[in-house]
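Just below is one structure, and these are the notes that go with it.
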Amino acid sequence: MLLLATAGVLPAVAGAAGSPQTTFVGVHVVDVRRGVVVRDQTVIVSDGRIVRVGPAGELQIQAAAQVVEARGRYLAPGLMDMHAHVSSAEDLALYLANGATTIRSMWGHPSTLELRAAVAAGRVPGPTLFVAG
């Protein structure tokens with residue numbers, strides 16, 4: 001998943017598998033491999049994967065794509081927390097607000113399994129949830 005943020009606010013999380021194509025236009029891309037910000041890019045996400053990145057205005061956008069006008073915003077890979085303790089939907093919202101798009105909960109309680117199912121079904125907003133135990 002990808003995070004789109006402005007000044008610490010998390011207005012959009014995109015890229016879930018099975019979602020329609022999402023295209024971010026004019027976004028600044030945080031390239032974590034090179035440690036640089038690449039400005040004014042178009043990023044196309046399809047079926048949970050980045051399929052194209054290039055200068056704004058140079059990539060063809062599908063007519064059915066969800067287009068996100070992202071000028072002045074930053075796009076970065078979602079964070080993963082591999083040792084979390086989740087007990088409520090409010091916990092999940094906090095993980096999203098802080099950039100975690102995938103977490104592994106160390107509690108295998110039935111309520112945690114219910115939360116995982118609710119997130120997977122789209123009834124509760126939250127990061128992709130793996131449950132240990």
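Being under 27 Å from I44 (Cα atoms), in the same structural domain as P127 (by TED's automatic domain parsing) and polar (S, T, N, Q) is the filter here; which residues of the range 62-107 pass it?
Passing the criteria: N98, T101, T102.
If I go through the range 32-41 residue by residue, how many of them are surrounded by fewer than 16 Cβ atoms within 10 Å (Cβ to Cβ) and either polar (S, T, N, Q) or farther than 16 Å from A56 by Cβ (or both)?
Number satisfying all stated conditions: 5.
For the range 55-90, which residues satisfy the criterion of being under 28 Å from G35 (Cα atoms) and in contact with a Leu (Cβ under 9 Å, 6 or more places away or on another chain)?
Hits for the range 55-90 are V68, A70, R73, Y74, L75, A76, P77, G78, L79, A84.
If you take the residues in the range 113-133 that are among the charged types (D, E, K, R) and not in a loop (DSSP other than H, G, I, E, B), which one is nearest to R33 (Cα to Cα)?
Here the answer is R116.
Out of the range 85-112, which residues are assigned to a strand (DSSP E or B) and in contact with a helix residue (DSSP H, G or I) (Cβ under 7 Å, 6 or more places away or on another chain)?
I103, S105
Checking R116 against (1) over 24 Å from Q21 (Cβ atoms); (2) out of contact with any Gly (no Cβ under 9 Å at 6 or more places or on another chain), which test does it fail?
(2)
Considering only residues that are in contact (Cβ under 8 Å) with a residue 40 or more places away in the chain, touching a Ser or Thr at 6+ places or on another chain (Cβ under 6 Å) and either closer than 22 Å to I103 by Cβ or assigned to a strand (DSSP E or B) (or both), which ones fall in the range 25-83?
Within the range 25-83, V25, V45, Q66, V67, G78 meet the criteria.
The values are calculated or read from the model by the stated rules, or taken from the named source; none is laboratory data. Keep in mind it's a predicted model, so treat the numbers as computed, not measured. Using ideal geometry, Cβ is built from the backbone for each residue, glycine included, and neighbour counts are taken over all protein chains shown.
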